[in-house]
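Enquirer: Handing you a structure now.
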Amino acid sequence: MANSGCEVHRFDPSIKSAHIQEGQHLWYHRLSVDWRDPNPAIAAHKLHSNTKKLGTILNEFGHQKIDVLKADVESAEWKILENLILEDVVEQIGQLVFEVHVHWPGFEVSGNDSTVVRYWYSLLRELELKDFRLFHTYKDLSKPQMLLKKEAFNASSCYTLSWVNTRWK
């Protein structure tokens, strides 16, 4: 995308420098997207890693919208998606591509299996109510066939779901 002239920001908490520009349109940031902003007292002690809500990152970078957000946030996706919906950040996104993990509830998601599935469904339904339409799915067959720690025939513990915001301008 950067080679085609799109401005691309990649967030990776494992890089050594806080910000690296690679080429005219590609930036790497030692930062990861989270569902909450860090506690300032704790954040001061973390010099090599930083997590922030996407809305905070957008404000700090001076961006108003994201044409394409692709995220693999290792089981934090459900809480991050909830934050994007609750804070109306999702409406600033044209296309949303999320890798979701269903082998366990996810970070800070709890309850019995039916409660967890209802929570996941409620987030997906909220996207639909905000005029996001699912246009592509990918089931990673190299991952275990698990759903909430149970074997599930013809399933995967990992899916990539892609939506388009039909209200995007």
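The values are calculated or read from the model by the stated rules, or taken from the named source; none is laboratory data. All values derive from a computational prediction rather than experimental measurement. Using ideal geometry, Cβ is built from the backbone for each residue, glycine included, and neighbour counts are taken over all protein chains shown.
Enquirer: Assuming Ser75 fulfils every condition listed in (1) closer than 22 Å to Phe132 by Cβ; (2) hydroxyl-bearing (Ser, Thr, Tyr); (3) surrounded by fewer than 15 Cβ atoms within 10 Å (Cβ to Cβ) apart from one, which condition is it?
Expert: Going through the list (1) closer than 22 Å to Phe132 by Cβ; (2) hydroxyl-bearing (Ser, Thr, Tyr); (3) surrounded by fewer than 15 Cβ atoms within 10 Å (Cβ to Cβ), Ser75 breaks only (3).
Enquirer: Sticking with this structure for a sec: Return the total of residues in segment 96-118 being more than 15 Å from the chain's Cα centre (by Cα) and surrounded by 15 or more Cβ atoms within 10 Å (Cβ to Cβ).
Expert: 5
Enquirer: Just checking, which of Lys139, Lys149 is touching a His at 6+ places or on another chain (Cβ under 8 Å) and basic (Lys, Arg)?
Expert: So the residue among Lys139, Lys149 that is touching a His at 6+ places or on another chain (Cβ under 8 Å) and basic (Lys, Arg) is Lys149.
Enquirer: Considering Asp67, Asp72, which residue is closer than 24 Å to Ala2 by Cβ, in contact with a Gly (Cβ under 7 Å, 6 or more places away or on another chain) and among the acidic types (Asp, Glu)?
Expert: Criteria check complete, one pass: Asp67.
Enquirer: Restricting segment 142-169 to residues that are assigned to a loop (DSSP other than H, G, I, E, B) and over 13 Å from Val102 (Cα atoms), which is modelled with the lowest pLDDT?
Expert: Per the stated criteria, the residue is Lys169.
Enquirer: Can you tell me which residues in segment 1-21 are among the small types (Gly, Ala, Ser) and part of a loop (DSSP other than H, G, I, E, B)?
Expert: Those that are among the small types (Gly, Ala, Ser) and part of a loop (DSSP other than H, G, I, E, B): Gly5, Ser14, Ser17, Ala18.
Each row is one residue, and each column tells you yes or no for (1) at pLDDT 90 or above; (2) in contact with a Lys or Arg (Cβ under 8 Å, 6 or more places away or on another chain).
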residue	(1), (2)
Arg10	yes, no
Arg36	no, yes
Lys46	no, no
Asn50	no, yes
Ile57	yes, no
Gln64	yes, no
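Enquirer: Pull up segment 136-155, narrow it to residues that are closer than 26 Å to Val89 by Cβ and in contact with a Phe, Trp or Tyr (Cβ under 7 Å, 6 or more places away or on another chain), then point me to the one that is surrounded by the fewest Cβ atoms within 10 Å (Cβ to Cβ).
Expert: The selected residue is Thr137.
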